[in-house]
Amino acid sequence: MEHWYFGHCFVFRASGFEFLDRKNRVFGQALNKLKKVSSKAWEKVISKNDIDIPKTTRQLQNKIFKNRKNSPLIFDWFYNFHRKSLENEMNYSVEQLVAQYIDANK
């Protein structure tokens, strides 16, 4: 009887991991699409090409919303533990983008 229980737990766990792996691939693809849209818009800004700001920002907001809606929630303790380092990364990235914009507009 014990083997039946443990066998089914293993199958359930293995199928759960397969489901999570599939979901992670989907999340990764969604993030890649979001990055492509934002990078393309940023390149237009830097190169001073015409860009439809309302349309582009709406596309970005829609993709951000879709990504957040479809992504799994994270635990508060995990967020709080990593918050400072994530904010530091974000601030560094913003500084780099500002510097890039200033250099492009000299």
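The table for this structure:
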item: Test: residue in region 46-59 that is in contact with a helix residue (DSSP H, G or I) (Cβ under 7 Å, 6 or more places away or on another chain), under 22 Å from ILE102 (Cα atoms) and outside any loop (DSSP other than H, G, I, E, B); result: yes
item: Within region 61-100, considering residues that are touching a helix residue (DSSP H, G or I) at 6+ places or on another chain (Cβ under 8 Å) and modelled with pLDDT under 90, the one farthest from LYS44 (Cα to Cα); result: PRO72
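The values are calculated or read from the model by the stated rules, or taken from the named source; none is laboratory data. Just so we're clear, the structure is a prediction, and the values are computed from it rather than from any experiment. Using ideal geometry, Cβ is built from the backbone for each residue, glycine included, and neighbour counts are taken over all protein chains shown.
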